[in-house]
Amino acid sequence: MNRAISTIVTILAFLTVSVFAQGKVTKNFTVGGTTHNCNWYVPSGINKPPVVFFIHGANGSGNEFENTTQGNKVADKEKFIAVYPSASSSGSAGTWADMRGTSDYPFYLAVLDTLDKRYSIDRNRVYMTGFSQGGFISFVAGCKYSDIFAAIAPVSGHAASGCTIKRPISVFLTFGAQEDKVSFVNDLNIWLKLDNCPSTPASTSRYPQSNSKVTRVTYGPCAQGTYVVMDSISSQGHMWPSSSNINQAEETWKFFKQFSLDKGTNVRQTALLPERNTVSVTLTSGVLSVQGIDNDQYGIVEILDIQGRLVSSVPINDGLIPFKNKPSGTYLVNVKRDKYLPVQFSVVVP
């Protein structure tokens, strides 16, 4: 090989390494006459990487949300590209012009095309999460672009009514229990219908550990192997979850990585739905019915609200428990039986 050819090969090799080098990239996009700024973070050692969009809330920015979520640490570990778009520089500072529609999506899709050209991303594994206004936008991703996004994770945002999905899509909802709980339960119910989920979920009142303030409710498997998961965090208001409660970026990726456009889900049912020991709970006409507790003389049923506060604790007896005139919302039901671990469920009062 002569010196000129060797030099060319060296330059090409340098350029290839530079494109895939670890670090932060900042770029402006002008789409449809509107200019947006966008940051993304590229871990080292990527190979056909997934992509996660992190959409900030009102008065925020991509830079601010990058710091708040600490998504880059998770991206480094899990080898996905973390993307932090900013609201238009021509509008109100940090405010998205269209939370419930599609006017910003040409910008998001332009970012996605750019990432694909530069890094050869996995188009089957593109995801979106967001806070507040960004949560609204994440719902739009699931509602109108489920052929592009494999799963979504809105935080403290709301779903639009009249959604028509192109395919069932897995959804991970999170909110603070000091927010308007009824509205978030309504959002949950929208997606349970869209994904054709089973009516009885699995629930954990202290997720992922005994001192946690997170209550997790999991529905699934739903249509085409999808899941709908809802976390409520007691003592929290309208904010991205504090790391003292849960690492939201880690939990979001743990959920996302299970789903792909070309494979539906690779989740084993036992990974999300704990063993229930054949016990089931249903709510009909103001009466809780607990099945599967024959010959169990020492069991009790605890009923808690979505913040984990005890509403009532009664003996199982014949398995029929009055539960009338309760406020609308989701309630946790712990069935505690002698010599068995508690079996947890949730019921929704319309």
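The values are calculated or read from the model by the stated rules, or taken from the named source; none is laboratory data. What you see is a predicted model; the values in this text were computed from it and never measured. All Cβ positions, even for glycine, are placed from backbone atoms using ideal geometry, and neighbour counts span all protein chains on display. Keep in mind that these areas ignore ligands, DNA and RNA; they rest on the heavy atoms of the full protein, side chains included. Shrake-Rupley method; radii C 1.70, N 1.55, O 1.52, S 1.80 Å.
A few points about this structure:
- Selection of chymotrypsin sites (Phe, Trp or Tyr not before Pro), segment 85-172, meeting DSSP coil and at most 14 other Cβ within 10 Å: none
- Rounded accessible area of ARG123 (nearest 10 Å², 1.4 Å probe): 90 Å²
- Cα-only radius of gyration and Dmax that characterise segment 97-154, units Å: 11.2, 31
- Accessible surface, per residue, of segment 181-233 when the full set of protein chains is kept, probe 1.4 Å, Å²: 38 Å²
- Taking the Cα centre of segment 119-201 as reference, the dipole from Cβ charges on Lys and Arg (+1) and Asp and Glu (-1) amounts to some 240 debye.
- Evaluated at q = 0.18, 0.23 Å⁻¹: base-10 log I(q)/I(0), Debye formula over Cα of segment 188-249: -0.70, -0.93
- Here segment 52-199 is treated with +1 on each Lys and Arg Cβ and -1 on each Asp and Glu Cβ, and its dipole about the Cα centre works out to around 340 debye.
- If you sort LYS48, LYS117, LYS263, LYS326 by accessible surface, 1.4 Å probe, largest first, the order is LYS117, LYS263, LYS48, LYS326.
- Placing a label point 7 Å from the Cα of ASN59 along the Cα-to-Cβ direction, the residues of segment 122-166 with a backbone N closer than 20 Å are 130-137, 155-158.
- Segment 23-104, relative contact order in percent, only Cα pairs under 8 angstrom and at least six apart counted: 33 percent
- Multiplying each eigenvalue of the alpha-carbon gyration tensor of segment 21-152 by 5 and taking the square root yields semi-axes of 21, 16, 14 Å, largest first, rounded to whole angstroms.
- Dipole axis of segment 37-86 (+1 Lys, Arg; -1 Asp, Glu on Cβ), positive-most option in ASN63, PRO50, ASN39: PRO50
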